[in-house]
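The values are calculated or read from the model by the stated rules, or taken from the named source; none is laboratory data. In this text the structure is predicted, and so the values were computed from the model without any measurement. Positions of Cβ are backbone-derived with ideal geometry, glycine not excepted, and every protein chain shown enters the neighbour counts.
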Amino acid sequence: MMWEGLYALPFVLETKVIVLEYKTQELSRRALSLFAAKAERALGLSGEVNVRITSNRELQELNRRFRRKDKPTDVLSFPSAMPKLAGDIAISAEIAEANATEIGHSTETEVKILILHGLLHLAGYDHEADNGDMQARETELRQQLKLPTGLIERAHSNGQRRTAKTGTRFAPRKQQGSRK
């Protein structure tokens, strides 16, 4: 497939920024699109971002294909090497619903947290290797965007990473200026 070498998913050709493959009454394509645009601006990320909200099954397939991990995950990010395209984010609606229920907020709020986490990965942050830079930036943006506790903070407050519930990005991005 042509897109594999660029680390972008095939759905980048769609004109919609938010693709709801998994239908739920709690998710509004418009509200999520507005949030994604606002978060992208706050982060200083340039280029189109496509967000696909889908099933555990699809996230498991993507996780297996790109990370060689045969389990679903909540969010995956695919940076793009193409101009004018920041990349793609895939989100499991089922994991978002389960996390939202466990934490006590709406599924839409959880999806927004996952979008923000994915955008940070598209901007070049990597919480597994950046000594807390991504966590600090996520916390700052969460407060600015009025979101509750984020993924990295939750993982650290639990004392360990939650299996199959943390976001991942796939390819290094060129540095886009200072992140401090």
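General observations
- Scanning the stretch 94-121 for residues that are under 15 Å from LEU32 (Cβ atoms) and within 12 Å of the chain's Cα centre (by Cα) yields ALA96, GLU110, VAL111, LYS112, ILE113, LEU114, ILE115, LEU116, HIS117, GLY118, LEU119.
- Qualifying positions in the stretch 108-141 - of a type in the set (A, V, I, L, M, F, W, C) and touching a residue at least 12 places away in the same chain (Cβ under 8 Å): VAL111, ILE113, LEU114, ILE115, LEU116, LEU119, LEU120, LEU122, ALA123, MET134, LEU141
- Close pairs (6 angstrom Cβ cut-off, 6 or more residues apart or separate chains): closer than 12 Å to GLU58 by Cα in the stretch 88-105, part of a strand (DSSP E or B) and not small (Gly, Ala, Ser) anywhere: ALA90/ARG52; ALA90/LEU76; ILE91/ILE53; ILE91/VAL75; ALA93/ILE53
- Residue in the stretch 22-34 that is of a type in the set (Val, Ile, Thr) and over 18 Å from LEU116 (Cβ atoms) present: yes
- Note on the stretch 25-66: residues that are of a type outside the set (Asp, Glu), closer than 24 Å to GLU97 by Cβ and touching a helix residue (DSSP H, G or I) at 6+ places or on another chain (Cβ under 8 Å) amount to 16.
- Residue that is modelled with the lowest pLDDT [pool: residues in the stretch 82-113 that are assigned to a helix (DSSP H, G or I) and of a type in the set (A, V, I, L, M)]: ILE103
- Looking only at residues in the stretch 137-159 that are assigned to a helix (DSSP H, G or I) and among the aliphatic types (A, V, I, L, M), the one that is modelled with the highest pLDDT is LEU141.
- Hits in the stretch 115-136 - residues which are in a helix (DSSP H, G or I), in contact with a helix residue (DSSP H, G or I) (Cβ under 6 Å, 6 or more places away or on another chain) and not polar (S, T, N, Q): ILE115, LEU116, HIS117, LEU119, LEU120, MET134
- Criterion: over 15 Å from LEU20 (Cβ atoms) and surrounded by 24 or more Cβ atoms within 10 Å (Cβ to Cβ) - qualifying residue of LEU120, LEU85: LEU120
- Residues of the stretch 9-49 satisfying the condition of being at pLDDT 90 or above and either among the acidic types (Asp, Glu) or part of a strand (DSSP E or B) (or both): GLU40, GLU48, VAL49
- For ARG52, the conditions (1) outside any strand (DSSP E or B); (2) surrounded by 15 or more Cβ atoms within 10 Å (Cβ to Cβ) all hold with the exception of (1).
- Test: residue in the stretch 68-79 that is touching a Leu at 6+ places or on another chain (Cβ under 9 Å), surrounded by 16 or more Cβ atoms within 10 Å (Cβ to Cβ), without any contact (Cβ under 8 Å) to a residue 40 or more places away in the chain and among the β-branched types (Val, Ile, Thr): no
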